[in-house]
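The values are calculated or read from the model by the stated rules, or taken from the named source; none is laboratory data. These numbers come from a predicted model, not from an experiment. Note that we place each Cβ from the backbone using ideal geometry, even for glycine, and neighbour counts take in every protein chain shown. When the accessible area is computed, the model is the full protein with side chains, heavy atoms only, and any ligands, DNA or RNA have been set aside. Shrake-Rupley method; radii C 1.70, N 1.55, O 1.52, S 1.80 Å.
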Amino acid sequence: MSSRTRARRPRGAVHTVSIPRQRGRRGAQPFVIVVPEAPSLTREALGFIGRALWKGRRALAPTALALLAFAVVGLLHVMAWWSSLVLAPLAAAPLVWWAVMQVRRPGRGTVVLWRAGLALLATLTAAWAAFAAGFGPLAGPLELVWLLMWIAAQTTWLIVRRSH
């Protein structure tokens, strides 16, 4: 095979094959054929997963927040363990919010249950963040608590989104 008709870059993303000039056409440019390389099976699978995640990005918001919180708390543990002392008082903030809401806008029935559930989940999350920043997110039962909170938040999010 002539060097003029072989692919110039055999390992690139695009193969270019140049056909030499035809006789009798001295001023004409050569023909160039560009053949894109077929993506690998891994690339196709990753593309499918990426498109599915992008399509459902609003439904997976709690998952993204849970992963972000896990990473941030891990960094806090490594860089500044004392940050747990700052995060610990914040665990009481959702309970204060619940008490203030019950005084300002008293609710009944499901309203009180939703407020209490959200306050409990937020309190548990803040307490987990404080403990994880101090001891590490994988210490003891903290990873199981994170997993259960993530499942609860994701399930609640999907239920609330469906009802509206």
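Which one of these is within 24 Å of the chain's Cα centre (by Cα), open to solvent by 60 Å² or more (accessible area, probe 1.4 Å) and aromatic (Phe, Trp, Tyr): TRP146, TRP82, TRP150?
Working: TRP146 fails: open to solvent by 60 Å² or more (accessible area, probe 1.4 Å); TRP82 fails: within 24 Å of the chain's Cα centre (by Cα).
Going through TRP146, TRP82, TRP150 in turn, just one is within 24 Å of the chain's Cα centre (by Cα), open to solvent by 60 Å² or more (accessible area, probe 1.4 Å) and aromatic (Phe, Trp, Tyr): TRP150.
Could you check how many residues of the range 94-116 are outside any loop (DSSP other than H, G, I, E, B), of a type outside the set (A, V, I, L, M) and in contact with a helix residue (DSSP H, G or I) (Cβ under 8 Å, 6 or more places away or on another chain)? Talk me through it step by step, then tell me what you get.
Going residue by residue through the range 94-116, those that are outside any loop (DSSP other than H, G, I, E, B) are 94-104, 110-116.
Cutting the leftovers down to of a type outside the set (A, V, I, L, M) gives us 94, 97-98, 102, 104, 110, 114-115.
From the residues that got through so far, the ones that are in contact with a helix residue (DSSP H, G or I) (Cβ under 8 Å, 6 or more places away or on another chain) too are 94, 97-98, 102, 115.
Looking only at that region, the number is 5.
Only residues that are under 20 Å from the mean Cα position of the chain (by Cα), more than 19 Å from ALA93 (Cβ to Cβ) and part of a helix (DSSP H, G or I) were counted across the range 117-143, and they come to 1. Listed conditions (1) closer than 25 Å to ILE151 by Cβ; (2) under 18 Å from the mean Cα position of the chain (by Cα); (3) open to solvent by less than 50 Å² (accessible area, probe 1.4 Å); (4) not hydroxyl-bearing (Ser, Thr, Tyr) are all met by VAL72, apart from (3).
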